[in-house]
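Here's the structure, in structure tokens; my notes come after.
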Amino acid sequence: MTDAAETKLQAAPPPKPDQGKKGGPKGPSVVKVMPIAPPARFQQRHRRLILSFFAVVLLPMIVAVWYLWAVAEDQFASTTGFTVRKEEGGGATDFLGNLGQFTGGGGASDTDILYEFIQSQGMVEAIDLRRDLRAIYSINRESDPLFSLENDASIEDLLSYWQRMVRISYDQGTGLIELRVLAFDPQTAQMLAADIVAESQSMINALNAAAREDLMRNAVVELEDAVTRLKTAREALTQFRIVTQIVDPNADLQGQMGVVNNLQQQLAEALIEYDERAQANATDPRLLQLQRSVEIIRARIAEERETFASQEVGGVGKDYPTLMAEYEGLIVDREYAETSYRAALTALDAARAKIARQSRYLASYVEPTLPQTAEYPQRLVLMAVLALFLLLAWSIMALIYYSLRDRR
């Protein structure tokens, strides 16, 4: 059935039923039946979809397969692994170091610093001075431009290419660093891996030198401060003795207190004698003399105590309590200065003992290997990733196109 016939059939009105006789029953109604759908045919849009799949997915895949297997040069990977170790010792220095961990003075670990240094421009410049990285990685520029470096690459381009060719894995829990260095021949890959290990050791040595200088400088500065503090405390104590003309106020006070103690002993003896005579003969004329002696001794004791409390000492203009407080403050300052001086000397000796040995060193647990098989570029992995990406891109574009087309 043609399209024109279908259109006429749909446009024609249904036939009227027979009316029969006037007033008679109506005839049966006619049911409209839709035509059967024609079989699916290959449309122009199907051709466009297939052509887009070929252009977006198959053609790039064919080009990629040709380039990876026919053009791309083989790359060899040398593996090495190392970590930063610290020499374990004993004594006060380790105690101070452990204390620094609790106070938050540790900061980033040496392995973290080394991990960042390997990927930095400083490492690239150091290796470039040794081996001329531009010449090594641009040797196949004419035959393999995609995986090779430009001959006149800038340092930024060289750094980006270096981060592609040097693959680093770092386990912060164990502190182990593993490197995989790629090059176009096995010997060059092993050589570059060995150069990275050597530069890493130089970096650790620089950290050691900086730590030693900082440790020694701090110890010397602390000792100088302690010596200055001790000199100041001793000079202040000497000046006090010169002004007061008292070598030791404690000893001088003890001498003055000896007089009071002697007077108190005499007072006790006089009181005892007075009580004995009063009990023996209340009218004894010597009782009056003993009573006067007791009063005189008590007055002398009160006068001596008044001298300690308020009277000035030897033209100094200060009483004994003020002198004692000043003297005790000077003694405390001197003792603190002496303790600080001894601690600074101990710290200086410990610093000298610590810098006499290498506290950090690079421990290699995998020496740079010499590869025998080219593992890179990973052609199958690259093809699988490229195929997945192209297929997803084509599917998304097709869905977007037909979604916009159906909206018109």
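List the residue pairs whose Cβ atoms are under 7 Å apart, where the first residue sits in segment 282-303 and is free of Cβ contacts under 8 Å to residues at least 12 places away in the same chain and in the same structural domain as LEU271 (by TED's automatic domain parsing), the second is assigned to a helix (DSSP H, G or I) and surrounded by 13 or more Cβ atoms within 10 Å (Cβ to Cβ), and the two are 6 or more positions apart or on different chains.
ASP284/ARG277; ARG286/ARG277
So if I check each of LEU362, LEU386, which one is of a type in the set (A, V, I, L, M, F, W, C), in a helix (DSSP H, G or I) and either in contact with a helix residue (DSSP H, G or I) (Cβ under 7 Å, 6 or more places away or on another chain) or assigned by TED's automatic domain parsing to the domain that holds ASP110 (or both)?
Sole residue among the options that is of a type in the set (A, V, I, L, M, F, W, C), in a helix (DSSP H, G or I) and either in contact with a helix residue (DSSP H, G or I) (Cβ under 7 Å, 6 or more places away or on another chain) or assigned by TED's automatic domain parsing to the domain that holds ASP110 (or both): LEU386.
Which ones in segment 294-336 are of a type in the set (S, T, N, Q), in contact with a helix residue (DSSP H, G or I) (Cβ under 9 Å, 6 or more places away or on another chain) and modelled with pLDDT of 70 or more?
If the condition is that a residue be of a type in the set (S, T, N, Q), in contact with a helix residue (DSSP H, G or I) (Cβ under 9 Å, 6 or more places away or on another chain) and modelled with pLDDT of 70 or more, then no residue fits.
Those residues that are aliphatic (A, V, I, L, M) and more than 35 Å from the chain's Cα centre (by Cα), I need them from segment 120-140; list them, please.
The answer is ALA135, ILE136, ILE139.
Restricting the search to segment 130-157, which residues are among the hydrophobic types (A, V, I, L, M, F, W, C) and within 13 Å of LEU192 (Cβ to Cβ)?
Within segment 130-157, LEU133, ALA135, ILE136 qualify.
Somewhere in segment 366-383, is a residue at pLDDT 85 or above, loosely packed, with under 12 Cβ neighbours inside 10 Å and assigned to a helix (DSSP H, G or I)?
There is at least one residue in segment 366-383 that is at pLDDT 85 or above, loosely packed, with under 12 Cβ neighbours inside 10 Å and assigned to a helix (DSSP H, G or I).
Can you name the residue in segment 203-222 that is among the small types (Gly, Ala, Ser) and in contact (Cβ under 8 Å) with a residue 40 or more places away in the chain and, of all such residues, is surrounded by the fewest Cβ atoms within 10 Å (Cβ to Cβ)?
Across segment 203-222, the extreme among qualifying residues is ALA211.
Tell me yes or no: at least one residue of segment 185-200 is closer than 20 Å to ALA72 by Cα, outside any helix (DSSP H, G or I) and touching a residue at least 24 places away in the same chain (Cβ under 8 Å).
yes
What number of residues within segment 169-214 satisfy the criterion of being among the β-branched types (Val, Ile, Thr), over 30 Å from ALA356 (Cβ atoms) and touching a Leu at 6+ places or on another chain (Cβ under 8 Å)?
1
Do you know which of the residues in segment 112-143 that are acidic (Asp, Glu) and assigned to a helix (DSSP H, G or I) is farthest from GLN163 (Cα to Cα)?
That would be ASP112.
Of the residues GLY81, GLY20, which single one is modelled with pLDDT of 65 or more and outside any helix (DSSP H, G or I)?
GLY81
Residue-by-condition table, conditions (1) surrounded by 12 or more Cβ atoms within 10 Å (Cβ to Cβ); (2) closer than 30 Å to TYR327 by Cα; (3) within 58 Å of the chain's Cα centre (by Cα); (4) modelled with pLDDT under 75:
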{"position": "GLU224", "(1), (2), (3), (4)": "no, yes, yes, no"}
{"position": "ASP248", "(1), (2), (3), (4)": "no, yes, yes, yes"}
{"position": "LEU267", "(1), (2), (3), (4)": "yes, no, no, no"}
{"position": "LEU288", "(1), (2), (3), (4)": "no, no, no, no"}
{"position": "GLN291", "(1), (2), (3), (4)": "yes, no, no, no"}
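The values are calculated or read from the model by the stated rules, or taken from the named source; none is laboratory data. Because the structure is a prediction, the values reported are computed rather than measured. Glycine also receives a Cβ, built like all others from the backbone with ideal geometry; neighbour counts cover every protein chain displayed.
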